[in-house]
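Peer 1: Before I ask anything, let me first share the structure, which is written out below as C-alpha coordinates.
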Amino acid sequence: MAPERIRWPAVVDRAREIVESYEGGVTLRQVMYRLVSEGVLPHTPSMYRHLSSHLAQARREQRFPDLIDTLREIHVPLAWPDAAAFLREAVDWFALDRTEGQRPV
(Lines give C-alpha, C1' and ligand atoms only; values in the text may rest on other atoms or scores of the structure.)
Protein backbone atom coordinates (compact mmCIF):
# COMPACT_ATOMS: atom_id res chain seq x y z
CA MET A 1 0.00 0.00 0.00
CA ALA A 2 1.41 3.41 -1.01
CA PRO A 3 1.76 6.10 1.64
CA GLU A 4 -1.02 8.70 1.73
CA ARG A 5 -0.28 11.84 -0.27
CA ILE A 6 0.35 14.97 1.81
CA ARG A 7 -2.38 17.59 1.42
CA TRP A 8 -0.27 20.71 1.89
CA PRO A 9 -3.10 23.28 2.08
CA ALA A 10 -4.53 21.35 5.05
CA VAL A 11 -1.07 21.03 6.62
CA VAL A 12 -0.48 24.78 6.27
CA ASP A 13 -3.89 25.47 7.82
CA ARG A 14 -3.14 23.18 10.78
CA ALA A 15 0.33 24.73 11.17
CA ARG A 16 -1.30 28.20 11.27
CA GLU A 17 -3.61 27.02 14.06
CA ILE A 18 -0.60 25.70 15.99
CA VAL A 19 1.35 28.96 15.61
CA GLU A 20 -1.66 31.06 16.61
CA SER A 21 -2.16 28.94 19.75
CA TYR A 22 1.22 30.06 21.14
CA GLU A 23 1.93 33.35 22.87
CA GLY A 24 5.31 34.85 22.12
CA GLY A 25 6.06 32.99 18.92
CA VAL A 26 6.98 29.52 17.83
CA THR A 27 9.80 27.98 15.80
CA LEU A 28 9.51 25.88 12.66
CA ARG A 29 10.91 22.93 14.62
CA GLN A 30 8.14 23.25 17.23
CA VAL A 31 5.51 23.30 14.49
CA MET A 32 7.09 20.26 12.85
CA TYR A 33 7.12 18.26 16.11
CA ARG A 34 3.50 19.13 16.80
CA LEU A 35 2.48 18.01 13.31
CA VAL A 36 4.48 14.78 13.69
CA SER A 37 2.95 14.06 17.09
CA GLU A 38 -0.52 14.55 15.63
CA GLY A 39 0.27 12.16 12.76
CA VAL A 40 -0.11 14.88 10.13
CA LEU A 41 3.45 14.50 8.81
CA PRO A 42 6.07 11.75 9.01
CA HIS A 43 9.25 12.59 10.93
CA THR A 44 11.83 12.79 8.15
CA PRO A 45 14.38 15.43 7.13
CA SER A 46 12.76 15.77 3.70
CA MET A 47 9.34 16.40 5.26
CA TYR A 48 10.90 19.12 7.46
CA ARG A 49 12.36 20.79 4.36
CA HIS A 50 9.00 20.53 2.54
CA LEU A 51 7.19 22.03 5.52
CA SER A 52 9.72 24.87 5.66
CA SER A 53 9.25 25.55 1.96
CA HIS A 54 5.43 25.54 2.11
CA LEU A 55 5.29 27.75 5.20
CA ALA A 56 7.84 30.18 3.72
CA GLN A 57 5.72 30.46 0.58
CA ALA A 58 2.58 31.04 2.66
CA ARG A 59 4.42 33.76 4.65
CA ARG A 60 5.54 35.47 1.43
CA GLU A 61 1.91 35.45 0.30
CA GLN A 62 0.88 36.84 3.72
CA ARG A 63 -1.22 33.75 4.44
CA PHE A 64 0.82 32.62 7.44
CA PRO A 65 2.11 34.32 10.62
CA ASP A 66 5.81 34.85 11.24
CA LEU A 67 7.85 32.18 12.96
CA ILE A 68 10.73 32.87 15.32
CA ASP A 69 14.27 31.79 14.53
CA THR A 70 16.51 31.44 17.56
CA LEU A 71 19.59 30.41 15.57
CA ARG A 72 20.00 33.16 13.03
CA GLU A 73 20.78 36.81 13.50
CA ILE A 74 19.43 39.41 11.17
CA HIS A 75 22.11 41.91 10.26
CA VAL A 76 20.76 45.30 9.30
CA PRO A 77 23.30 47.88 8.18
CA LEU A 78 23.26 51.14 10.06
CA ALA A 79 21.37 53.94 8.36
CA TRP A 80 20.60 57.55 9.15
CA PRO A 81 17.85 59.83 7.91
CA ASP A 82 20.39 62.45 6.81
CA ALA A 83 24.07 63.46 6.97
CA ALA A 84 23.55 65.66 10.03
CA ALA A 85 22.20 62.72 12.07
CA PHE A 86 25.19 60.63 11.00
CA LEU A 87 27.65 63.34 12.05
CA ARG A 88 25.99 63.72 15.46
CA GLU A 89 26.40 59.99 16.16
CA ALA A 90 29.90 59.67 14.68
CA VAL A 91 31.34 61.90 17.42
CA ASP A 92 30.54 59.19 20.02
CA TRP A 93 32.46 56.56 18.03
CA PHE A 94 35.78 58.40 18.00
CA ALA A 95 38.45 57.04 20.34
CA LEU A 96 42.23 56.99 20.42
CA ASP A 97 44.12 53.74 20.81
CA ARG A 98 45.49 54.09 24.35
CA THR A 99 48.07 51.37 23.71
CA GLU A 100 49.61 53.08 20.66
CA GLY A 101 53.41 53.09 20.94
CA GLN A 102 53.56 50.83 23.99
CA ARG A 103 55.85 47.78 23.97
CA PRO A 104 54.19 44.39 24.42
CA VAL A 105 54.89 42.74 27.77
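Peer 1: (1) surrounded by 10 or more Cβ atoms within 10 Å (Cβ to Cβ); (2) at pLDDT below 90: which one isn't true of Val91, the others all being true?
Peer 2: Of the numbered conditions (1) surrounded by 10 or more Cβ atoms within 10 Å (Cβ to Cβ); (2) at pLDDT below 90, the odd one out for Val91 is (1).
Peer 1: Cβ contacts < 8 Å: first residue touching a residue at least 24 places away in the same chain (Cβ under 8 Å), restricted to the stretch 27-41; second residue open to solvent by 70 Å² or more (accessible area, probe 1.4 Å), any location; separation 6+ or different chain. Result?
Peer 2: From the stretch 27-41, the pairs are Thr27/Ile68; Thr27/Asp69; Thr27/Thr70; Leu28/Asp69.
Peer 1: Name the one entry in Arg59, Arg63, Arg14 that is in contact (Cβ under 8 Å) with a residue 12 or more places away in the chain, open to solvent by 70 Å² or more (accessible area, probe 1.4 Å) and either in contact with a helix residue (DSSP H, G or I) (Cβ under 9 Å, 6 or more places away or on another chain) or in a helix (DSSP H, G or I) (or both).
Peer 2: That would be Arg63, the only listed residue that is in contact (Cβ under 8 Å) with a residue 12 or more places away in the chain, open to solvent by 70 Å² or more (accessible area, probe 1.4 Å) and either in contact with a helix residue (DSSP H, G or I) (Cβ under 9 Å, 6 or more places away or on another chain) or in a helix (DSSP H, G or I) (or both).
Peer 1: When the stretch 1-11 is examined, which residues are found to be surrounded by 13 or more Cβ atoms within 10 Å (Cβ to Cβ) and either within 16 Å of the chain's Cα centre (by Cα) or modelled with pLDDT of 95 or more (or both)?
Peer 2: Trp8, Val11, listed by residue number.
Peer 1: Output the residues belonging to the stretch 66-88 that are open to solvent by 90 Å² or more (accessible area, probe 1.4 Å), aliphatic (A, V, I, L, M), assigned to a loop (DSSP other than H, G, I, E, B) and over 30 Å from Glu17 (Cα atoms).
Peer 2: Answer for the stretch 66-88, where residues must be open to solvent by 90 Å² or more (accessible area, probe 1.4 Å), aliphatic (A, V, I, L, M), assigned to a loop (DSSP other than H, G, I, E, B) and over 30 Å from Glu17 (Cα atoms): Val76, Leu78.
Peer 1: Output the number of the condition that Val26 fails; it satisfies all remaining conditions of (1) open to solvent by 40 Å² or more (accessible area, probe 1.4 Å); (2) touching a helix residue (DSSP H, G or I) at 6+ places or on another chain (Cβ under 6 Å); (3) of a type outside the set (S, T, N, Q); (4) at pLDDT below 95.
Peer 2: Answer for Val26: the failing condition is (1).
The values are calculated or read from the model by the stated rules, or taken from the named source; none is laboratory data. The shown structure was predicted, so the numbers you read here are calculated from the model rather than taken from an experiment. All Cβ positions, glycine included, derive from the backbone under ideal geometry; neighbour counts span all protein chains shown. All accessible areas refer to the heavy atoms of the entire protein, side chains included, with ligands and DNA or RNA removed. Shrake-Rupley method; radii C 1.70, N 1.55, O 1.52, S 1.80 Å.
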